[in-house]
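What follows draws every value from the coordinates through simple rules; no lab data is involved. Here the structure is a predicted model, which is why all the values come from computation and not from measurement. Glycine also receives a Cβ, built like all others from the backbone with ideal geometry; neighbour counts cover every protein chain displayed.
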Amino acid sequence: MLFHSVSFRFRQCLSALVLIPFGWTGLFAQMGGFLKISAVDGEGSFNDMKHKLSHPPVVRVVDESNNFVQGAEVSFILPVVGPSGVFVIGGNKGTTITDEKGIARCPIYLPNSEEGRFNIKVTAESRGKTGTIVLSQSNTLAGGSSVGARKKSKL
């Protein structure tokens, strides 16, 4: 009986591995679904350490059917050590809620005093569904017109 149970679970997992790459998301929908997060603005941006200007990212959250997710809680987590920043409200984690178009804007943070590249972990959660993405930015002393400047994005 134990062998049958293990064998059945193995077939379920194998079916999931075979079907998911081909776009079949029904299994995830049955298990609570998932969220997809994409960068709208801020990926690869530079933060001006000298003038304490950052470029907080903007992300869009959609569900497994590519519908905008309104009201999802989105967390932006900065590294604790190395190049990074600190949120104006304090700490390395800032949280916000998506709007009607699934857009979440990272709370304002200030770059720390370490130059270099770092990753921002972004996690979204809504109605038992979750999603994660990692965005990269850099702190620099170089300055320049692209540092800290906001690009106009199409939302």
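When Lys and Arg each count +1 and Asp and Glu each count -1, what net charge do the other residues less than 14 Å away from I97, Cβ to Cβ, add up to? Don't skip to the answer; put the middle values down first.
Values: positive: R60, K101, R105, R127; negative: E73, D99, E100, E125.
Its environment carries a net charge of 0.
Loop-located trypsin sites (Lys or Arg not before Pro) across the stretch 92-133 with a Cβ neighbour count of 15 or fewer within 10 Å are K101, R127, with loop assigned by DSSP.
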